[in-house]
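Structure first, commentary second.
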Amino acid sequence: MSFTDKIRNKVDELKGETKEKAGDATDNPRLQAEGSAEATAARGRQAGEHVKDAARDVSDAIRGHR
C-alpha cells in the first residue's frame, strides 16, 4: 500500500468517525449510520491493503530463499 493510500484511508476513517459523532451530538440517526458506514469501509480498505502487503512480503521472502 502506498503512503498516499494509507493517508487517504485514514482521512476517510476519521471523516466517518466525525460524522458519526456529529450524528450522536445532534441525535441524527441518518448521519450516525452514514458516518459509521464510511469509517467501516475505510477500515475494510485498510485491512485489504494490509493483507496485500503481507502477501507481497511472503512472496518476496520465498523468492529470496531460492
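Helix 3-26 and the long axis of the chain differ in direction by around 20°, with both axes built from C-alpha atoms. For K21, the aspartates and glutamates whose Cα falls under 18 Å of its own Cα, not counting residues fewer than eight places away in the same chain, are D12, E13, E34, E38. Remark on segment 3-64: hydrodynamic radius 12.8 angstrom, per the Kirkwood mean of 1/r across alpha carbon pairs.
Listed by chain and number, the lysines placed with their C-alpha closer than 19 angstrom to that of K19 are K10; residues fewer than eight positions away on the same chain are left out. The value of relative contact order for the chain, using C-alpha pairs under 8 Å at least six residues apart, is 33 percent. A Gaussian network model of the chain, with springs between Cα atoms under 10 Å, assigns the largest mean-square fluctuation among G16, G44, G35 to G44.
FRET efficiency for the pair D57 and K6, taken as 1/(1 + (r/R0)^6) with r the Cβ-Cβ distance and R0 = 22 Å, rounds to 0.90. Choose one answer from A42, A25, A33: the residue with the largest mean-square fluctuation in a GNM of the chain with alpha-carbon springs under 10 Å. Top of the fluctuation ranking is A25.
Laboratory data are not the source of any read-out in this text; all were calculated from the coordinates shown. Because the structure is a prediction, the values reported are computed rather than measured. Cβ sites come from the backbone with ideal geometry, for glycine too, and all protein chains shown count toward neighbours.
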